Structures are given as structure tokens and as C-alpha cells.
1. Given Glu131, Glu144, which one is within 16 Å of the ligand (Cβ to nearest atom) and in contact with a Pro (Cβ under 7 Å, 6 or more places away or on another chain)?
2. Which ones in the stretch 35-90 are among the charged types (D, E, K, R) and either in a strand (DSSP E or B) or surrounded by fewer than 14 Cβ atoms within 10 Å (Cβ to Cβ) (or both)?
3. Could you tell me whether Ser113 is more than 30 Å from Leu14 (Cβ to Cβ) and within 9 Å of the ligand (Cβ to nearest atom)?
Amino acid sequence: MDNNEKELLNFIELFCGEVCREVFNKLMSSGRELIDEELASKLGMSVNDVRKALYELQSLGVVSYKRIREETEGKFIYYWRADVDHINQLLLQRKKAVLRKLEDRLRMEESTSFYVCPVDGFRMSFDEALENDFRCPKCGSGLEYVDNHLIKDKLRKLINKLREEIMSEEKAVSS
Ligand SMILES: [Zn+2]
């Protein structure tokens, strides 16, 4: 399983739980359309649980179905499949949101210096520290200057890595 697939499964579990993760994983790894009974017997789950999970996955937009009327009894049969293209787009959106947050955080770290209370770890900006005469507003201890260049380095690395990932994924989506 590659990293993208792992990330995908974590994303699914986060939004609709462990049963959804298992159902989706089985559907994705089988690489073909499956009906709910097949999925249930492959997973050792009840058909009801599988159906519930499939509808949740559908509302998340990561699976879709094709409905076909059976010749003999006239019942509808649902053939489910993993909708990987759509998921990749969702992941891309999420990465962009994370990137924006990291960029905001970096801007904040670059725009001011920070001070921290050595007793309880309370952290504040230069302006806030100045307002409090460089004393902790909680316990009164003297504040210490925080060297944040390691944080900034880390943020810059993360931002560059994410930007590269987003760029290469956007190319893959548009080609
Ligand atoms: Zn304090």
C-alpha cells in the first residue's frame, strides 16, 4: 500500500469511522465493482453494516454505484466501486487548506518575536509581553525570549514539501 492510499484510508476513517475504512479498502483493493453481499462475505460483516457504510461513503463522495435491474425477479442490484479520482481531488483540497494554515503560521512567526514563561510554558508575542512588563500574566515569573528559528525552518520545509506535492498532483489531475 503506498502513502497516498494510507492517507486516503486515514481520511476516510476520520470522517466516517472504522467500518467505512474496511469497506472502502476492500472495494479499492479488489479493483472492480462489487455488490453489497459480496463485500459483506469478504469482510465477514453483516450486509446491513456494509450497506450503511456504503451510503456514508457515498455521501462523502468516495464511492459510487451503478444500478441494474435483474432480469428474472426485476429487483435492482447495486454495483459499487471506489471513486478514486474524486478522492484525489478531495485530498488535494485538504492539502491546500493545510498549506494555507502553515503559511499563516509562518507569517506570524516571522512578524514578531515570542516570549515564554519558564514555569508554566505560557507563550505570547512581543506586544503582549511588553503589555505585561515581560512578566507572566498567570504566575508573575519573568518571561524568556524564545528563539523560533527552528520552528521557522521546520515550517518552511513543510511548506515547500506540500507545495511540491500539490503542484505535481495538480499536473496529474489536469493531464
Ligand atoms: Zn507563568
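Every number in this text was worked out from the coordinates using simple rules, so none of it is lab data. Because the structure is predicted, anything quoted here is derived from the model rather than measured. Note: ideal-geometry Cβ built from the backbone for every residue, glycine included; neighbour counts use all protein chains shown.
1. Working: Glu131 fails: in contact with a Pro (Cβ under 7 Å, 6 or more places away or on another chain).
Going through Glu131, Glu144 in turn, the sole match is Glu144.
2. Glu37, Lys66, Arg67, Arg69, Glu70, Glu71, Glu73, Lys75, Arg81, Asp85
3. No: the conditions fail for Ser113.
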